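Here is the structure we will look at.
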Amino acid sequence: MEKTSAAVAQYERLEGRRAGLETAFSLVFGMVAMLLVLTSVRVGLTMATRLATPIVRLIDAAERVRSGDLDARVDEEDIADEIGLLSRAFNRMSDQLSTQRQDLMDANRELDERRRFTETVLAGVSAGVIGLDRHGRIHLPNRSASDLVGRPLDERIGEELPAVLPELAEAV
C-alpha cells in the first residue's frame, strides 16, 4: 500500500511538472515561430527594396527629363537584368535628346545670325526689297520697299503679297 501511495504521489507530482513543461515548450515553440516570421518579413522587405530602388531611380530620372533636365542619368549597375538594360537604354535616350537639343539650339542660333545679317544688309540697300516665303507671304521687307509702295510693310508681315499689293500679283 505504501509503495502504491508513493507511486501515486510521484505520478501526480510528475503530472504537475508535465503541464509546466508543456507550457514552457509551447512558449519556446511560439518564440521560434515568431523569429522565423520576423526573419521572413525582413528578407522579403530587403528583396522588395532591392527590386524597387532601381525602378524608383528610373522614375525620378524620367520626371527630371520631363521637366526639361536632359542631363538626368540613371546609375547603371553591372547587373544584366531587365532593369539594368532599361537603365542603359534610358541613358542612351537622354544622351540622344541632349545632343538633338544642342543641335537644334545651334541651328536656331545660326538662323538668327543669318536673319540679322540679312536684315542688316537689306537696311543698307537703297532699293526696295520684299522678302517672301515659299507661299508668297511677306517675310522680310526693308524700309525702302515701304517708302516706295507708300505703306508700312513691316505691319503686314505674314500676309500674302498679292493681298497687300495687288499691283504685284502678276509678278508673283
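Test residue 135 against the stated conditions and say whether it is out of contact with any strand residue (DSSP E or B) (no Cβ under 6 Å at 6 or more places or on another chain), on the phi < 0 side of the Ramachandran plot, open to solvent by 70 Å² or more (accessible area, probe 1.4 Å) and not in a helix (DSSP H, G or I).
Numbers: out of contact with any strand residue (DSSP E or B) (no Cβ under 6 Å at 6 or more places or on another chain): yes; on the phi < 0 side of the Ramachandran plot: yes; open to solvent by 70 Å² or more (accessible area, probe 1.4 Å): yes; not in a helix (DSSP H, G or I): yes.
For residue 135, the condition - out of contact with any strand residue (DSSP E or B) (no Cβ under 6 Å at 6 or more places or on another chain), on the phi < 0 side of the Ramachandran plot, open to solvent by 70 Å² or more (accessible area, probe 1.4 Å) and not in a helix (DSSP H, G or I) - is met.
Just name the residue that is nearest to residue 144 (Cα to Cα) out of those in region 74-120 that are hydrophobic (A, V, I, L, M, F, W, C), over 18 Å from the mean Cα position of the chain (by Cα) and open to solvent by 70 Å² or more (accessible area, probe 1.4 Å). Write out each step before concluding.
Let us first name the residues in region 74-120 that are hydrophobic (A, V, I, L, M, F, W, C), namely 74, 79-80, 83, 85-86, 89-90, 93, 97, 104-105, 107, 111, 117.
If we keep only those that are over 18 Å from the mean Cα position of the chain (by Cα) as well, we get 79-80, 104-105, 107, 111, 117.
Now restrict to residues that are open to solvent by 70 Å² or more (accessible area, probe 1.4 Å): 79-80, 104-105, 111, 117.
On the way: 79: 69, 80: 68, 104: 34, 105: 33, 111: 24, 117: 17 Å.
Looking at residues that are hydrophobic (A, V, I, L, M, F, W, C), over 18 Å from the mean Cα position of the chain (by Cα) and open to solvent by 70 Å² or more (accessible area, probe 1.4 Å), I get 117.
Restricting the search to region 75-96, which residues are at pLDDT 90 or above and either of a type in the set (Val, Ile, Thr) or not in a helix (DSSP H, G or I) (or both)?
Matches in region 75-96: none.
Residues of region 147-167 being touching a residue at least 12 places away in the same chain (Cβ under 8 Å) and not β-branched (Val, Ile, Thr), which ones?
Of the residues in region 147-167, the ones touching a residue at least 12 places away in the same chain (Cβ under 8 Å) are 147-149, 151, 153-154, 156-162, 164-165.
Answer for region 147-167, where residues must be touching a residue at least 12 places away in the same chain (Cβ under 8 Å) and not β-branched (Val, Ile, Thr): 147, 148, 151, 153, 154, 156, 158, 159, 160, 161, 162, 165.
Please verify whether residue 53 is out of contact with any strand residue (DSSP E or B) (no Cβ under 6 Å at 6 or more places or on another chain) and loosely packed, with under 11 Cβ neighbours inside 10 Å, treating the condition exactly as stated.
Details: out of contact with any strand residue (DSSP E or B) (no Cβ under 6 Å at 6 or more places or on another chain): yes; loosely packed, with under 11 Cβ neighbours inside 10 Å: no.
Spelling it out, it is not the case that residue 53 is out of contact with any strand residue (DSSP E or B) (no Cβ under 6 Å at 6 or more places or on another chain) and loosely packed, with under 11 Cβ neighbours inside 10 Å.
From the set of residues in region 153-172 that are more than 47 Å from the chain's Cα centre (by Cα) and open to solvent by 70 Å² or more (accessible area, probe 1.4 Å), which is nearest to residue 135 (Cα to Cα)? So that I can check it myself, show each step before the final result.
Start the filter on region 153-172 by keeping residues that are more than 47 Å from the chain's Cα centre (by Cα), which leaves 162-172.
From what is left, the residues that are open to solvent by 70 Å² or more (accessible area, probe 1.4 Å) are 163, 166-167, 170-172.
On the way: 163: 13, 166: 16, 167: 18, 170: 15, 171: 14, 172: 10 Å.
Result: 172.
Could you please find all residues in region 155-171 being touching a helix residue (DSSP H, G or I) at 6+ places or on another chain (Cβ under 7 Å) and either at pLDDT below 85 or in a loop (DSSP other than H, G, I, E, B) (or both)?
165, 168, 169 - these are the residues of region 155-171 that are touching a helix residue (DSSP H, G or I) at 6+ places or on another chain (Cβ under 7 Å) and either at pLDDT below 85 or in a loop (DSSP other than H, G, I, E, B) (or both).
The values are calculated or read from the model by the stated rules, or taken from the named source; none is laboratory data. Model, not experiment: these values are computed from the prediction. Cβ coordinates were reconstructed from backbone atoms using ideal geometry, including for glycine residues, and neighbour counts include every protein chain displayed. Heavy atoms of the whole protein, side chains included, go into the accessibility calculation; ligands, DNA and RNA do not. Shrake-Rupley method; radii C 1.70, N 1.55, O 1.52, S 1.80 Å.
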